[in-house]
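To start, the structure itself, in structure tokens.
The values are calculated or read from the model by the stated rules, or taken from the named source; none is laboratory data. What you see is a predicted model, and the numbers here were worked out from it, not measured in a lab. Virtual Cβ from ideal backbone geometry, glycine too; neighbours counted across all protein chains shown. These accessible areas exclude ligands, DNA and RNA; they are computed on the full protein's heavy atoms, side chains included. Shrake-Rupley method; radii C 1.70, N 1.55, O 1.52, S 1.80 Å.
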Amino acid sequence: MEAVRTRIAARAYPPGARLPSVRAQAKTLGFSVSTVVEAYERLVAEGVITPRQGSGFYVAGPIAPLALAEIGPRLDRQVDPLWISRQALEAEPDGPKPGCGWLPPSWMYEAGMRRALRAVARADSAMLADYATPRGLPALRQVLARRMAAAKVEATPEQIMLTDSGTQAIDLICRFLLEPGDTVLVDDPCYFNFHALLRAHRVNAVGVPFTPNGPDVAAFAAALRDHSPRLYITNSGIHNPTGATLSPATAHRLLSLADDSDLVIVEDDIFADFETNPAPRLAAFDGLRRVIQVGSFSKTVSAALRCGYIAARADWIDSLIDLKLATGFGGSQLASSVLLAALTDSGYRKHMETVRTRLAGAMLRTVDRLAALGITPWIVPQAGMFLWCRLPAGIDAADLARACLRDGLVLAPGNAFSQSHSAGGFLRFNVAQSEDGRGYDILARALAGCGN
């Protein structure tokens, strides 16, 4: 397959050209005929070549003209919430990317994933081939209910619905509760994809300044009074991007304010397993009355395994199931089965202990190395992977990010996280992705250039 792809890319096999016969290719490459047949059939499945009855295999075409300008990163695009995602996902696998929001592959639960995949591969055919039930795999929902109970969030398995990701969970909630023109409160700063998702739903996002103890309560009360928002989306555990945690006093005051309004709170709990001392959960205080909790395990088990969840009032879950069926039909039975096997594997707890220890060390090293460049943390978080950092005076984070991208370093500029665009002098650093010394050299040169 690689040999054929290489010849197509080099135009040795132009569009429409007939490939060597199976026997000729086998003789040339020194493979068996059955191996070449399998390779050709896979290339057909990929759309690279096409078969013609009685004639052989031909290169599919036409192909797009070669455009060298599209090979490198686009530096002219506005630095918006999706800019960071695109740059991080399209970066070279071994390139430094402290701006991305996930752990390096070597930090993930690879051994557990391999065991889980082997176990699920031995399951009956229905597990491998059928659609999932509307709520999702019952055994996984039971595990999630027990995990939530340990955090004092009372939810039965019937109050939990599986989704294809944490992002899909929030998207379904927005479809369920919002109309175009509604207002949604977000932390300022907050996870940048909240901005992108709300923009797609054509609603008005209003930022509430975030403090080391949670949202500014006075500003939150003013936003409730002035905007009558329908939703508030937040992280109660480890906050993205600041790494801060919600205090019990702030949690109680937020819920008291929400009780006097029509506000629904969406609590994104994706970083729960990174905590060393768990923060209070709004869903625990509220009892899932006006709080909806969502989450996934893409940050701890595998980003390739797309499976999330929604925990909410039973009557809301029933309506959300209908919406899930209408927009995506059945969820991934295979993904949820693999996730169940990974979470119930005896090694997951030890894996997370190791990750937390590694993150604590990486946090200290990153703080020290950034300090040498004049970059200081807003706070030093108790746990997690994120550092929200202030740049030296006069440095614009977006300009710095563009300059670093030319040398292959992916950063996360502050204003992508800020609804008010008041974080132009901040960057979010992922400490697990900041261990590569090449990134600091590139950053130092870019800082010197931006400072001139």
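Here are some notes:
- Solvent-accessible surface (1.4 angstrom probe) belonging to L373, in square angstrom, nearest 10: 50 Å²
- 0 to 90° range, to nearest 10: angle between helix 437-451 axis and the chain longest Cα axis: 70 degrees
- Among G287, S261, F271 - extreme Cα towards positive end, dipole of the range 257-317, charges at beta-carbon: F271
- Cα-based reach from K97 at 21 Å (exclusive), listing lysines while leaving out same-chain residues under 8 positions away: K299
- Centre-to-centre, using Cα atoms only, the range 141-220 and the range 256-324 are separated by 7 Å.
- Solvent-accessible surface (1.4 angstrom probe) belonging to H201, in square angstrom, nearest 10: 40 Å²
- Diffusion coefficient of the chain by Stokes-Einstein, Kirkwood radius over Cα pairs, 25 °C, 0.890 mPa s: 101 µm²/s.
- With R₀ fixed at 30 Å, the C-beta to C-beta distance from R23 to F329 puts the FRET efficiency at about 0.10.
- The chain, helix-only ellipticity at 222 nm - DSSP H runs n ≥ 4, -39,500 (n - 2.57), divided by all residues, nearest 500: -13000 deg cm²/dmol
- Pairs of Cα atoms nearer than 8 Å and 6+ residues apart set the relative contact order; for the chain it is 20 percent.
- In degrees, nearest ten, helix 348-371 long axis to first principal axis of the chain (Cα): 80 degrees
- For the set F57, F329, F271, the ranking by accessible area, highest first and with no ligand, DNA or RNA atoms included, is F329, F57, F271 under a 1.4 Å probe.
- Amide H contacts of S298 (H built 1.01 Å from N, in plane; Pro and chain starts excluded): no residue 5 or more places away or on another chain comes under 5 Å.
- Solvent exposure of the chain amounts to 46 Å² per residue of accessible area, where only protein heavy atoms count and the probe is 1.4 Å.
- For the set K299, K27, K350, K324, solvent exposure ranked by accessible area (probe 1.4 Å, protein chains only) runs largest to smallest as K27, K350, K299, K324.
- Near L255, once Lys and Arg are set to +1 and Asp and Glu to -1 for all other residues with Cβ below 12 Å from its Cβ, the sum equals 0.
- Between amide H atoms placed 1.01 Å from N, distances below 5 Å from Y309 occur with T163, G295, all of them 5 or more places distant or on a separate chain.
- For the range 92-106 versus the range 405-437, the spacing of their alpha-carbon centroids is 13 Å.
- Backbone geometry of the range 134-141 corresponds, through the Karplus equation with coefficients 6.51, -1.76 and 1.60 at θ = phi - 60°, to 3J(HN,Hα) couplings of x, 6, x, 3, x, 5, 5, 5 Hz, x marking Gly and Pro.
- In this simple spin-label approximation, T133 and A448 carry label points 7 Å from Cα along the Cα→Cβ vector, and these lie 6.3 nm apart.
- Per-residue HN-Hα couplings for the range 287-292 [Karplus 6.51, -1.76, 1.60; θ = phi - 60°; Hz; x = Gly/Pro]: x, 6, 7, 10, 9, 10
- Modelled FRET efficiency - R0 35 Å, D315 with R199, Cβ distances, 0.05 increments: 0.75
- Amide proton proximity set for V266, modelled H, under 5 Å, gap of 5+: Y232, I233, T234, I292
- Computed from Cα atoms, the angle from the helix 81-90 axis to the main principal axis of the chain rounds to 40 degrees.
- Dipole magnitude for the chain: computed about the Cα centre from +1 point charges on Lys and Arg Cβ and -1 point charges on Asp and Glu Cβ, it is near 1340 debye.
- Comparing V120, V33, A169 along the charge dipole axis of the chain, the residue lying farthest to the positive side is V33, per the Cβ-charge model.
- Annotation: extensible slack from E41 through T344 equals 105.3 nm (criterion: 0.36 nm per residue apart, minus Cα-Cα distance).
- Leading residue at positive end of dipole, the range 294-399 (Cβ point charges), from F297, V367, A398: V367
- Accessible area of the chain belonging to carbon and sulfur atoms, whole % at 1.4 Å probe: 53 percent
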